[in-house]
Amino acid sequence: MTLVQQLPVLVAVVPLAAAPVALLLRNRHLAFLVVLAASGFAFGASVLLWQQVAGSGPVSYAIGSWPPPWGIEYRVDRLASFFLVLVSGMAALVLSWGRASLEAEIPAGQHYLFYTLFALCLTGLLGIAVSGDAFNIFVFLEISSLSTYVLIAMGRDRRALAASYNYLIMGTIGATFIVIGIGLLYLMTGTLNLADIAARMPAVEGSRPVLAALAFLTVGLSLKMALFPLHQWLPNAYTHAPSVVSSFLAATATKVSVYVLLRFYFEVFGESQVFDRLPLEQVMLCLALAGMFAASAVAIFQTDLKRLFAYSSVGQMGYIILGLSFDSVTGLTATIVHVFNHAITKGAIFMLLGGVALSMGGVTLPRVQGLARVMPLTAFGLVVCGLSLIGVPGTAGFVSKWYLVKAALEGGQWWLVFLVVGSSLLAVIYVWRVVEAAYFHAPRADLVAAVEAPLSMLVPAGLLVAGTVYFGLETTFTVGSAAEAASVLLGVPR
Amino acid sequence: MSLAGHFSYFATISLMIAGLFIVMARGNLIKKLVGLGIFQTSVYLLYVAPGKLIGGTAPIIQEGFAVYANPLPHVLILTAIVVGVATLALGLALVVRIREAYGSIEEDDILAKDRE
């Protein structure tokens, strides 16, 4: 066996091994280097896996050489490799960006602990993407969740503790719902390997425990991905967490739950069961629309920018789920593309806000007045990302909305086009509030002397901002991978 | 479909609902964690109980034994117990920190202090 064949397991094991090393080093500089190296390795491995899968089809890895379905199988296909690249890339970028922000927001003595938990969280998220075993997915989900709770609690404000506690309660209820769902599936099929469950599904299709499992998994995963109205934990968690944590979570954590939902819906249960036996198509459509409008409307009235963009994330999750509810290749393509586009856009926004918090001491609207004068590059980046949230042509957000509209027209639901455009108008309002404060007001007297964020933060954030424009113009990677993953999920030959 | 035959399921569901109810209805942060613990524990029962076969033995091939119990759920639940313990420990640690920061572990008091 060569090293390349071990990549599916190494991608999760290397960050896992980096965590105790960072803990034992007890030195923030060394811990930073170790965890950065591990994330960099994970990113390199993910890109290699992506190429390998694109060239020669899915990769299967039997842990401990126990052949599946008896042993745990790690399986990397188009969808998994796409998410691996997204998560590990964002981790490496956020980590290299976050040092200056971390120095300001977390006491120096806790830095090595932060890096330890960051590595664990990354392990969990990557593990979810590679694992082909239902129970293993749950364990990785809990690894990432437990480390996320601690990362959020590291926020400066005491409200971070309350936010973390609430997330812990909601997240654990969600995770327990997921285990109940997996347990019911195991009772009915006698196996935990996802492909094996799918193979045995026809024998028990439509039976009550299987439909109950589907319902439990849907609710549990909706909690984890903050689908309206199960999003209550998200705004507080994003607002009070340290900037580094907000950037990383906004870009990855909820997205990985979407991945698990896609796996279960389209590979394990099969669309006929999900959309015909249970009215999930209509349920998801209604929740997506409610989220798009309600959360975006709430975002308009926020004065804290982190909270404003957190509500915007809940609204954007609506678009992601809307694509799923179409149950067509175009709709799923829109879902997967929007997961990617929203991840880089929101990642960039929270990174830029982290820079603002560092220079201006906070991110409330009255405080960031005149941002364009003191931090012109950051303000410009926020505008570009805001345009992407709205979905202006030439930005990444436009590509995903284009596919959503296309899917709606293909399904004959032309009225949805008006709703998508209408909710984008709400985004115009909340983005405008930021632009107005940044460009049309003078800076506060005590903040005139604030300076642009340090270069070490501007470069990674700038890369992501450039990414939102690049992926709005050049869509071979995003739409190409997403369309292939979607057709594999739906079993439609291309 | 006798009551006795489904006893373990009735017990599981009752515990599940009781736990979830406590999490939602109680304002005391410790009591919420107790409810969460009961909710999680009920799932252990959901997995383990069907693995037991009456008259079944440990799955070691030997003459004279034909019925074996399924050991896999027990192994899975060992993992789930570890996750549950970690969650409970982390939750309690957070409550300690909340108590230090807010001087209270009642949800209403904490919300009121945040609004100030």
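Some points to look at:
- Every residue from the stretch A:393-418 that is crowded, with 18+ Cβ neighbours inside 10 Å, out of contact with any His (no Cβ under 9 Å at 6 or more places or on another chain) and aliphatic (A, V, I, L, M): A:405, A:407, A:408, A:416
- Set A:453, A:482, A:442: member being part of a helix (DSSP H, G or I) and among the small types (Gly, Ala, Ser): A:482
- If you check A:214, A:168 for being touching a Leu at 6+ places or on another chain (Cβ under 8 Å), surrounded by 18 or more Cβ atoms within 10 Å (Cβ to Cβ) and within 10 Å of another protein chain (Cβ to nearest Cβ), only one passes: A:168.
- Residue in the stretch B:84-98 that is in contact (Cβ under 8 Å) with a residue 24 or more places away in the chain and within 22 Å of residue B:51 (Cβ to Cβ) present: yes
- Condition broken by residue A:85, with the remaining ones in (1) within 14 Å of chain B (Cβ to nearest Cβ); (2) part of a helix (DSSP H, G or I) satisfied: (1)
- All of B:60, B:105 fail the test of being crowded, with 16+ Cβ neighbours inside 10 Å and of a type in the set (A, V, I, L, M), apart from B:105.
- Meets criteria (modelled with pLDDT under 95, of a type in the set (A, V, I, L, M) and crowded, with 22+ Cβ neighbours inside 10 Å) for residue A:160: yes
- Residue check, residue B:15 in a helix (DSSP H, G or I) and more than 10 Å from chain A (Cβ to nearest Cβ): yes
- Inclusion of residue B:22 among residues that are farther than 16 Å from residue A:212 by Cβ and either at pLDDT 90 or above or facing chain A (nearest Cβ under 9 Å) (or both) is warranted.
- Any hit, the stretch A:406-426, residues being under 30 Å from residue A:361 (Cα atoms) and out of contact with any Asp or Glu (no Cβ under 8 Å at 6 or more places or on another chain): yes
- Any chance residue A:184 is out of contact with any Phe, Trp or Tyr (no Cβ under 6 Å at 6 or more places or on another chain), in a helix (DSSP H, G or I) and either within 7 Å of another protein chain (Cβ to nearest Cβ) or β-branched (Val, Ile, Thr) (or both): no
- Of the residues making up the stretch A:1-34, those that are surrounded by 16 or more Cβ atoms within 10 Å (Cβ to Cβ) and of a type outside the set (Val, Ile, Thr) number 14.
- Evaluating residue A:246 against the criteria (1) in contact with a helix residue (DSSP H, G or I) (Cβ under 8 Å, 6 or more places away or on another chain); (2) more than 14 Å from chain B (Cβ to nearest Cβ); (3) surrounded by fewer than 21 Cβ atoms within 10 Å (Cβ to Cβ); (4) not basic (Lys, Arg) leaves one unmet condition, (3).
- One residue alone among A:465, A:479, A:459 is of a type outside the set (Ser, Thr, Tyr), under 27 Å from residue A:383 (Cβ atoms) and touching a Cys at 6+ places or on another chain (Cβ under 9 Å), and that residue is A:465.
- Residues in the stretch A:63-120 that are without any contact (Cβ under 8 Å) to a residue 24 or more places away in the chain and of a type in the set (Ser, Thr, Tyr): A:65 only.
- Among (1) at pLDDT below 90; (2) within 30 Å of residue A:144 (Cβ to Cβ); (3) within 12 Å of another protein chain (Cβ to nearest Cβ) - the single one residue B:115 does not satisfy: (2)
- Test: residue in the stretch A:103-122 that is part of a helix (DSSP H, G or I), closer than 30 Å to residue B:48 by Cα and more than 9 Å from every other protein chain (Cβ to nearest Cβ): yes
- Residue selected from the stretch B:32-70 under the condition of a type in the set (D, E, K, R) and in a loop (DSSP other than H, G, I, E, B), by the criterion nearest to the other protein chains (Cβ to nearest Cβ): B:52
- Condition check for residue A:449: at pLDDT below 85 and surrounded by fewer than 19 Cβ atoms within 10 Å (Cβ to Cβ): yes
- Those helices (runs of 4 or more DSSP H) of the stretch A:219-318 in which 3 or more residues are β-branched (Val, Ile, Thr) occupy A:243-262, A:280-300.
- Selection count where residues are within 13 Å of residue A:118 (Cα to Cα) and more than 27 Å from the chain's Cα centre (by Cα), scope the stretch A:13-27: 0
- Qualifying positions in the stretch B:100-112 - of a type outside the set (D, E, K, R), assigned to a helix (DSSP H, G or I) and more than 10 Å from chain A (Cβ to nearest Cβ): B:112
- Of all residue pairs spaced 6 or more apart or on separate chains, those with beta-carbon atoms under 9 Å, a first member in the stretch A:147-162 that is without any contact (Cβ under 8 Å) to a residue 60 or more places away in the chain and at the interface with chain B (Cβ under 10 Å from one of its Cβ atoms) and a second member that is surrounded by fewer than 23 Cβ atoms within 10 Å (Cβ to Cβ) and of a type in the set (Lys, Arg) are A:153/B:97; A:158/B:97; A:158/B:113; A:161/B:97.
- Residues located in the stretch B:71-99, provided they are facing another protein chain (nearest Cβ under 7 Å), small (Gly, Ala, Ser) and within 16 Å of residue A:137 (Cα to Cα): B:80
- Among the residues of the stretch A:383-414, those identified as at pLDDT 90 or above and of a type in the set (Phe, Trp, Tyr) are A:398, A:402, A:403.
- So residue A:16, is it part of a helix (DSSP H, G or I), in contact with a helix residue (DSSP H, G or I) (Cβ under 8 Å, 6 or more places away or on another chain) and within 27 Å of residue A:348 (Cβ to Cβ): no
The values are calculated or read from the model by the stated rules, or taken from the named source; none is laboratory data. As the structure is a prediction and not an experimental result, all values here were calculated from the model. Reconstructed Cβ throughout: ideal geometry from the backbone, glycine too, with neighbour counts over all protein chains shown.
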